Amino acid sequence: MPCAACWRLRVSDPPLRRGVTHAYPVERLLAFRAVPAADKLRWLEEMRQFLDRFLTPERKVFMDRFRRGEL
């Protein structure tokens, strides 16, 4: 597990030119780490099914391009 100082160093690195970056407090990351992997995977699959059901094909293409950093 990286120390808080190491994590801060990575957050202060130059931002990516494209795509999205997020910064979270170490405490929140540690809390997420405590969640069992099965729960994380279940949530991820539920979100994938939700988005697949409700997004239009155009929005899916847009999100894929955004995720790849093309926008």
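Scan the stretch 48-71 for residues that are without any contact (Cβ under 8 Å) to a residue 24 or more places away in the chain and either outside any helix (DSSP H, G or I) or loosely packed, with under 10 Cβ neighbours inside 10 Å (or both) and jot them down.
Asp52, Arg53, Phe54, Leu55, Thr56, Pro57, Glu58
Quickly run through the stretch 19-62 and pick out the residues that are among the aliphatic types (A, V, I, L, M) and within 13 Å of the chain's Cα centre (by Cα).
Val20, Ala23, Leu29, Leu44, Met47
Among the numbered criteria (1) surrounded by fewer than 10 Cβ atoms within 10 Å (Cβ to Cβ); (2) among the small types (Gly, Ala, Ser); (3) at pLDDT 90 or above, which one does Ala31 miss?
(1)
The values are calculated or read from the model by the stated rules, or taken from the named source; none is laboratory data. Small disclaimer: the values here were computed from a predicted structure and weren't measured. Ideal geometry is used to build each Cβ from the backbone, glycine not excepted, and the neighbour counts take in all protein chains shown.
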